[in-house]
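Let me begin by presenting the structure, written as structure tokens, before commenting on it.
Just so you know, all these numbers are worked out from the coordinates, no wet-lab data involved. What you see is a predicted model; the values in this text were computed from it and never measured. Here Cβ is always computed from backbone atoms with ideal geometry, including for glycine, and neighbour counts include all displayed protein chains.
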Amino acid sequence: MSFQLAMFYIFSAILVGAAAAMITVRNPVHAALCLVLAFFTSAALWIMMEAEFLGIVLVLVYVGAVMVLFLFVVMMLDVNIARLREGFIRFLPVGALVAAAMAVVMIMVVGARHFRIEPPAPAATDVGNTEMLGRLIYTEYVYPFELAAVILLVAIVAAITLTLRRRPGTRHIDPAEQVKVKREDRIRIVKMEAEKK
Amino acid sequence: MTESLMTFWNELPVLIQILVKIVALLLPLMGTVAYYTLAERKIIGYMQVRLGPNRVGPRGALQPIADALKLVFKEIIIPSNASRLLFLSAPVLAFAPALAAWAVVPFDDGMVLADINAGLLYILALTSLGVYGVIIAGWASNSKYALLGAMRSAAQIVSYEIAMGFALVGVLMASGSLNLGEIVNAQGGGFWNWFIVWLFPLFLVYVISGVAETNRSPFDVVEGESEIVAGFHVEYSGMAFAVFFLAEYANMILISALTALLFLGGWLSPLQGILPDAAFSLPVIGWLLDSGIHWLLIKTAFFMFAFLWYRATFPRYRYDQIMRLGWKVLIPVTIVWIFVEGVLVALKIGPWSA
Amino acid sequence: MSFPIPDLVPAIPEMFVLAMACTILVVDLFLKDDRRDVTYGLTQFTLFGALVLTWIVHVPEARVTFSGSFIADPLSDTLKSFIYVIAAGVFLYSRPYLKERGLFKGEYYVLGLFAVLGMLVMVSAYSFVTLYLGLELLSLCLYALVAFDRDSGRASEAAMKYFILGALASGMLLYGMSFLYGLSGSLEIPVVAEYLIANAGQFSVPLTFALVFVVVGLAFKLGAVPFHMWVPDVYHGAPTPVTLLIGSAPKIAGFAIIMRLLADGLGAMHADWQGMLVLLAVLSLAVGNLIAIAQTNIKRMLAYSTISHVGFLLLGILAGTQEGYAAALFYTVTYAIMAMGGFGMIILLSRQGFEAENLDDFKGLNERNPWLAFMMLLLMFSMAGVPPTVGFYAKLMVLQAVVQIGMTWLAVYAVIFSIVGAFYYLRVVKLMYFDKPADEPLPVRGLDVTVVMSVNGLLMVVLGIFPGILMSIAALAVGP
């Protein structure tokens, strides 16, 4: 067994383990961290396939940004996992049966033998695949690429539309306003006649 | 003699070779980190007209060693109800990326541990991983101050990573490569070709977001001693705390070195193109004037100093101001400048026109 | 380093819509609430401009650009034109409704325009990636629009259902497409079609597997039974202008992707997908028409009627002949116009704080406003397929196409359920003409809305008397 193959099996084992742990662990934060591990090992697998750009970007975008925000939300929300799990045992037999049936069908129907899969040719050493991807994205796939950009724009617009609103009556604090406050805004000195006896 | 050494070196198994290289890189780095802490206390001391540490060793020179010994012998206290495994792995998660990123940093032409094509991306990915140490530490501590620090950190790092990434896109466009060595070489020919000249706004953005990414003052709301006592590492003590400390300083050095490499021509001499070629062939002086690792170290040292300088000078940003600066100032600046740069490239103006 | 610049001319309408949508997004930021009509005007201008541009750059031959991921042919240009017109009608109907409910915001128009862009992309898609991206662009806008009225719990619930089931459907479609990619080695529709023709008669198991996923994904998006669960809830829960948008123009885009995927791409597998479509059509006709009878809410009723109309649309496509495709196109366009009128009428009769969404709200409409009642009568007749309205011809042509391929039993079955369907459409007419009105005043509507509603209603008769106009357009679009 070559070094590469050994590494492949190690990473794959970690990946499968992390993915399994992600859906079975009790704590949502642990689950999210398992997902991070799964992303990280799959990035390693991609890098082993010489897809270094995809691998690094997976780490950069999913691990470095998306999952951080995910953790952020999970930690803030304090999901009550016990309630979510109530049905788990009850539906387990049915679920397992369906899953097993699906797996059997998939294995029978979907096999590598049907697909035109050739092992990827070793990449040319002089041009990194980052550059190749860049070229393809801006030439052959420029239309889908721009469309993906539009979808992201729509996602931003939609998210802001659905969340940003000025609700009257909330006790919203603007620290900048607070800092700007001067003595005159808060205190009024009233001259009063001394009270007569 | 040298030949026999080379043959001996080549005879060694690859794994040993790599390990030796890593050690050769990390030992000086750790030493720098240790003395950087001393430098910080001394420099800030002088800026505030005090002496700084001066008891241990001559003029306090042994202070870092004393600190390290103290921390090593301290007990690591794990809070009750803390998530034990995560609590202990958090410092490692903070420290590992800070060290791993050094693998692709070149010190001189070809003097690099791993000369990979996508070096810049690799650095960006690894620096974005450092936040996990902070978040996990904050969550696993089972303490509200720690959690608050972690939340602040998550939001801050994700926000500034975008600006930082965009600043690096500008560098990438200018150099046409993601390999750090090639980026430096693209700035050759004279200091007017350094990217700081052509990408000055991006340079500013990079430096500012670098400070924010390392959670240093004035962006240190994550620790915020006066607000949330020490933020994410409030529950840490002993060596676990020390590892966080090391990670922070290693990151600062990394950002300084990267700023030097990406914007200030790395190991390139600023005298390039000014002095006649004959000057560089002089013995000793020529070597000093010519490009070399010492220039990189000088430039890095300057930015390391600047980190301390900021800390002594600026008051801490408020949290909402940090967010505003990141999203509403830095990101638009980078986008505009990338556009300007695109126009310059298209019109073939600037050092990248060739 | 030089980049080959693709031929951008065929995509000018899309680029125009995109540029204008972005412009409106920015312009709207600087408008005060009482100047929001500018946004509306710009949106209508965009649709009009895109319509003009589409026909300026139109050529009779098909043009493929962007490395085979975009096609502009008579079919796409025709469908795009209908999309512009119907979208313009939708925006026109919705304006008073949105104003009355404090929903008159720029985002409605921006998201609406992006949805239109998504439809255009779907119509012009010539590779799986573009097709999928267009579909996602459209769906994303619609998800957001359904949840647009944030204070309505029902709208949020509908949006969640729509989003989750829509995502599931997208996943199915994508899964099927990825199989096709793995088998044929290409994402481009003509290449996949060639691969299938070359391998005709010996389709492997994974190919059928892929086909099932593609058909299921499409059925989900169209709302064909048994993948229709989201339709009534979304139609009912969404604000009526959004229901109007979902119920009309996207059906045309849906027809387009069925044409591109099943007819163009997987045409060689016609025998395989015909059976699946027969099943979907049979179920949709039965479930849609039968459950619609039990509805008291007209939005839900129209939702179930949509399901039954989808059944008819599938009948035309499963024929697999040019006549069938032309009939399906005819049916889709007719349906989109009818649905626009139907939901538009709900908007017209609603007023601040009151939704005319129950059947009872239509009671005695004839006494309150005979003209609107007459228009609604025409629309309902057309949906039911009563001659001489256009709905009759649409059904007739689909049935002809089905009979031509020898599936007479299916045609008979469809006719039976059309008659069942006529019951609930005519019930609306009965309520309008023979029942006593509740004493509610009708809201006063602007001239523009009334005129368009009149055109919309009269179109049912005009096209019904001269079906040749629309038919020749449909036949031209589908091609020889």
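Overview of results
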read-out: B:LYS74-B:GLU182 pseudo-label distance in nm [points 7 Å out on the Cα-to-Cβ vector]; value: 4.6 nm
read-out: Helix-only CD estimate at 222 nm, as mean residue ellipticity for chain B, using -39500 (n - 2.57) per DSSP H run (n ≥ 4); value: -21500 deg cm²/dmol
read-out: Helix-only mean residue ellipticity at 222 nm for chain C, each DSSP H run of n ≥ 4 adding -39500 (n - 2.57), per residue, nearest 500; value: -25000 deg cm²/dmol
read-out: Summed side-chain charge close to C:PRO6 - residues other than C:PRO6 whose Cβ falls under 15 Å, Lys, Arg +1, Asp, Glu -1; value: -3
read-out: Label point distance in nm, B:ILE65-A:ARG183, each placed 7 Å from Cα along Cα→Cβ; value: 5.6 nm
read-out: Cβ charges +1 (Lys, Arg) and -1 (Asp, Glu), total dipole of the protein assembly as shown, debye; value: 3180 debye
read-out: Inter-label distance, nm, simple model (7 Å from Cα along the C-beta direction), A:ALA155/B:ILE16; value: 5.0 nm
read-out: Estimated FRET transfer efficiency when R0 is 51 angstrom, pair C:ARG150-A:ILE107 (beta carbons, to 0.05); value: 0.65
read-out: Efficiency of FRET from Cβ geometry, C:ILE56 and C:VAL27, R₀ 22 Å, rounded to 0.05; value: 0.35
read-out: Sequence-distant residues sharing a close amide H with C:ARG63 (under 5 Å, placed H); value: C:ALA72, C:ASP73
read-out: Charge sum, other residues only, whose C-beta stays under 15 Å from B:VAL104's C-beta, Lys/Arg counted +1 and Asp/Glu -1; value: -4
read-out: Gyration tensor verdict on chain C (Cα atoms; rounded if a/c is under 1.5, prolate if a/b is larger than b/c, oblate otherwise); value: oblate
read-out: Pairwise centroid distance, computed over Cα atoms, of the stretch C:106-172 with the stretch B:236-298, Å; value: 52 Å
read-out: Cβ-placed point charges (K, R +1; D, E -1), dipole of the stretch C:130-209 about Cα centre in debye, nearest 20; value: 160 debye
read-out: Nearest-20 debye value, the stretch C:9-478 charge dipole, Cβ charges on Lys, Arg, Asp, Glu; value: 540 debye
read-out: Cα-based shape type of the stretch A:1-90, given that a ≥ b ≥ c are square roots of the gyration tensor eigenvalues and the cut on a/c is 1.5; value: oblate
read-out: Alpha-carbon centroids, the stretch C:6-56 and the stretch C:239-302: separation in whole Å; value: 30 Å
read-out: Proximal charge balance of B:VAL56 [Cβ under 15 Å; K/R count +1, D/E count -1]; value: +4
read-out: Degrees separating the helix B:331-347 axis from the principal Cα axis of chain B, which is the longest one; value: 10 degrees
read-out: Linear extension gain, C:VAL415 paired with C:ALA198, 0.36 nm per residue minus alpha-carbon span; value: 74.3 nm
read-out: Label zone at C:LYS436 (point 7 Å along Cα-to-Cβ), backbone N below 17 Å, the stretch C:351-371; value: C:360-368
